[in-house]
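The values are calculated or read from the model by the stated rules, or taken from the named source; none is laboratory data. Small disclaimer: the values here were computed from a predicted structure and weren't measured. Cβ sites come from the backbone with ideal geometry, for glycine too, and all protein chains shown count toward neighbours. Side chains included, ligands, DNA and RNA excluded: accessible areas come from the protein's heavy atoms. Shrake-Rupley method; radii C 1.70, N 1.55, O 1.52, S 1.80 Å.
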Amino acid sequence: MPIDFTCPYCGLQSRVADQYVGQSGPCARCGNTITVPGTGRPSSAAATAAVVEPPRSNTALVIVIVAVACLSLLCVIGMLAALLIPALNAARTAAMQQNCVNNMKRIGLAMHAYAADYGTFPPAFVADEKGQPMHSWRVLLLPYLGEEMLYQQYRFDEPWNSPANTALAFMMPDVYRCPETPAGFDETSYVVVDGPGFLFDGNTCHGFADIIDGPSDTVMVVDSAANRVHWMSPLDVPWDATGIDVGSIHGGELHALMADATVVVHDGLSEQELEAALTIGGREPISIAR
């Protein structure tokens, strides 16, 4: 930028380009040596500072904003989790319970298929020549549950717990496993209550014609968490008038497969109501809600 300059000797005024600041030479009028002063131009230090000084940074402010946003997001996620986890657990529990009901319905349909072939439901157990329990109704139902190959491997000429049959324990069909039961577990909670006058009474076989109380009012199988048995065991739950626990693992509710292949879920029956529902010819009124 040009600057105004006056010769100190003769007073000549002139405009000098700033590139000559600090340089010396003869005055155009008087010839005296003059030096163009540095007035009007910033010092080299100031100029350097002006050039190299970076603008003020907002990095710290950005970091604070990002941190606050992250914390807010975490809070929102936490609140959503607090709301969703109970709902997800409830949905999982309901799904488990429905799968259990579906298992029991499949067992009921297999019972009906067996009865169509043999005229009766299977006995609680098949006895040996001495009347001792030897094979379970669950093994007899295998062909009606899509387990023909497993049925063919089972040795009916040996006890259920012989070495040959025990080797099949790990092959328990999924239909006999309540969804709440760990995989690989060889015990089942789907059992029959065995007793005189019931649909299952030792090695005695009963059919539809024997169910005087009606199939829809007669219990066939229960899901009893407290009475799990080896799935091939011929021993289920003997009736005890002093009380038996037939509550399922699903909140202790009664899951009962009726003789008409429907499943009833009830919040609990008295021993008298349960006995009435188990007998096939007592003509007792029962109160199992549907």
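Taking first residues from the range 130-147 that are more than 17 Å from residue 191 (Cβ to Cβ) and partners that are open to solvent by 10 Å² or more (accessible area, probe 1.4 Å) and part of a strand (DSSP E or B), the Cβ contacts under 7 Å between residues at least 6 apart in sequence or on separate chains come to 134/125; 134/126; 134/127.
Among the residues here, residue 199 qualifies as within 21 Å of residue 271 (Cβ to Cβ), aliphatic (A, V, I, L, M) and touching a residue at least 60 places away in the same chain (Cβ under 8 Å). Of all residues being modelled with pLDDT of 90 or more and within 27 Å of the chain's Cα centre (by Cα) in the range 229-255, which is nearest to residue 174 (Cα to Cα)? Just the residue, please. Top of the filtered list is 231. Among the residues making up the range 116-147, those that are buried (at least 20 other Cβ atoms within 10 Å of the Cβ) and in contact with a His (Cβ under 7 Å, 6 or more places away or on another chain) are 121, 125.
Tell me whether the range 101-115 contains one or more residues that are more than 23 Å from residue 280 (Cβ to Cβ) and either free of Cβ contacts under 8 Å to residues at least 60 places away in the same chain or open to solvent by 30 Å² or more (accessible area, probe 1.4 Å) (or both). For the range 101-115, residues more than 23 Å from residue 280 (Cβ to Cβ) and either free of Cβ contacts under 8 Å to residues at least 60 places away in the same chain or open to solvent by 30 Å² or more (accessible area, probe 1.4 Å) (or both): present.
In the range 156-185, the residues that are farther than 16 Å from residue 135 by Cβ reach residues that are of a type in the set (Lys, Arg) and open to solvent by 10 Å² or more (accessible area, probe 1.4 Å) with C-beta atoms within less than 6 angstrom, at least six apart or across chains, in these pairs: 175/106. What are the residues in the range 206-233 that are assigned to a loop (DSSP other than H, G, I, E, B) and crowded, with 17+ Cβ neighbours inside 10 Å, if any? Residues satisfying the conditions are 206, 211, 213, 218, 224, 228, 231, 232, 233.
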